[in-house]
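To keep things clear, I will list the structure first and then write my remarks on it.
The values are calculated or read from the model by the stated rules, or taken from the named source; none is laboratory data. Predicted, not measured: the structure shown is a model, and the values here were computed from it. Here Cβ is always computed from backbone atoms with ideal geometry, including for glycine, and neighbour counts include all displayed protein chains.
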């Protein structure tokens, strides 16, 4: 079977997202909450059934440096901390801090932990809940953080067969 096809969409499931801009966040404050739908195999023509691909298994989310490691002000949690929450069957989970080598297990919109289905789907958020995770992210900048622009990667990791 083909490899998973991962796409991030806005909370309305309309526009593909390729970045998360937290804007300007004062030290000692949280950023605005950003909400994303992380899809495996989202139908490129909503309403039209696509072809199945492999499931994503052991799915986690973690911030990394731009080099892909656990260094830097966000990935190491030295200056800022990313928190994540998942919509589990209509209810948001508590916020979890991630980074410093600690990832969170992703929960699909149907409540399954660690697996996002690659089944054929029509990109409907009401019927294809196994195919995506609804994720909220926020950044807390520590009061002692160094001023300036900070960049990092928010990475989804997974296995497949």
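Structure notes:
- Residue match in region 1-16 (condition: in contact (Cβ under 8 Å) with a residue 24 or more places away in the chain, surrounded by 18 or more Cβ atoms within 10 Å (Cβ to Cβ) and over 27 Å from residue 117 (Cα atoms)): no
- When residue 79 is tested against (1) crowded, with 16+ Cβ neighbours inside 10 Å; (2) under 26 Å from residue 47 (Cβ atoms); (3) over 15 Å from the mean Cα position of the chain (by Cα); (4) in contact (Cβ under 8 Å) with a residue 40 or more places away in the chain, just one condition goes unmet, and that condition is (2).
- Residues satisfying the criterion are absent from region 127-145 (criterion: surrounded by 13 or more Cβ atoms within 10 Å (Cβ to Cβ), at pLDDT 95 or above and on the phi > 0 side of the Ramachandran plot).
- Some residue of region 63-70 being in contact (Cβ under 8 Å) with a residue 40 or more places away in the chain, within 14 Å of residue 137 (Cα to Cα) and either touching a strand residue (DSSP E or B) at 6+ places or on another chain (Cβ under 6 Å) or outside any strand (DSSP E or B) (or both): yes
- Of the residues making up region 82-123, those that are without any contact (Cβ under 8 Å) to a residue 40 or more places away in the chain, at negative phi, surrounded by fewer than 16 Cβ atoms within 10 Å (Cβ to Cβ) and in a loop (DSSP other than H, G, I, E, B) number 2.
- Being under 19 Å from residue 134 (Cβ atoms), in a loop (DSSP other than H, G, I, E, B) and at pLDDT below 95 holds for only one residue in 46, 4, and it is 46.
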